[in-house]
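Since the structure comes first, as structure tokens, the remarks are kept for the end.
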Amino acid sequence: MPESVDKDVYPEPPRQTPAPNRQSTVPDPVPLVIGLFSYVVDKPVTAFHDWMERQRAKRRIHYYHREFRRVPDLTQCMEDDVLCHYEANMQWKRDHLVDQEIVKIMRQRVAACRTREGESADQNCAPLIKQYAEVCKAFKARYEDLGYYGGARTCLMKQKERMMEERKAAAEGKVE
């Protein structure tokens, strides 16, 4: 209570908790343990952390995203070059993830346009829907029917088979 209050008018309420009456001469171990922890563990760790932060602040490195160098395609690898095959497969997987993100972004743009335009979405979003259809068609042409374990080699074989079918169809079309 503030000191300017008249104690006769506003008496202090009775305390619910009695004042501690210590009958033991043994000191309380809790403050001792807390102080020991503070000086033995907390202060050295905090000092080390602050020192590390000062060292890092001198050489600040900005991490935006990792940039991978382009590696040769699987068609450019020698037959027994396992490392080149591995790198080409990892490059293919990164390209696959990028293509998935492109399809996802296009889907989000079409959905946002449909939401924004409402009833006239088919007319006003037609170029965006057409672009989304082209992106989906290209994605399906490259990655469809590869399965979960598909990689650079299976994609290349699928591409080769598709090219052979197109050449065969073109040759048959010329003969007739």
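The values are calculated or read from the model by the stated rules, or taken from the named source; none is laboratory data. These numbers were taken from a predicted model, which means no experiment stands behind them. Ideal geometry is used to build each Cβ from the backbone, glycine not excepted, and the neighbour counts take in all protein chains shown. Only protein heavy atoms, including side chains, enter the accessible area calculation; ligands, DNA and RNA are left aside. Shrake-Rupley method; radii C 1.70, N 1.55, O 1.52, S 1.80 Å.
Note down the relative contact order for region 35-176 as a percent, whole number, built from C-alpha pairs under 8 angstrom at least six residues apart.
Details: 50 pairs, mean separation 27.1, N = 142.
Reported as a whole number, the value is 19 percent.
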Worksheet item: Ile102 versus Gln131, label points 7 Å from Cα toward the beta carbon: distance in nm?
Response: 1.3 nm
Worksheet item: lysines within cross-link reach of Lys168: Cα-Cα under 23 Å, excluding same-chain residues under 8 positions apart?
Response: Lys137, Lys140, Lys158, Lys160
Item to complete: Taking only protein heavy atoms into account and a 1.4 Å probe, give the accessible area per residue of the chain in Å².
Response: 91 Å²
Fill in: Share of carbon and sulfur in the accessible heavy-atom surface of the chain [1.4 Å probe, %]
57 percent
Worksheet item: For region 149-157, what does the Karplus curve 6.51 cos²θ - 1.76 cosθ + 1.60, with θ = phi - 60°, yield as ³J(HN,Hα) per residue in whole Hz, taken in order and with x for Gly and Pro?
Response: 8, x, x, 5, 5, 5, 5, 5, 5
Worksheet item: If you stretched the chain out fully between Val30 and Arg54, how much longer would it get, using 0.36 nm times the residue separation minus the C-alpha to C-alpha distance?
Response: 5.2 nm
Worksheet entry | Size descriptor, Kirkwood hydrodynamic radius, that averages inverse alpha-carbon separations across region 33-176, Å | 21.1 Å
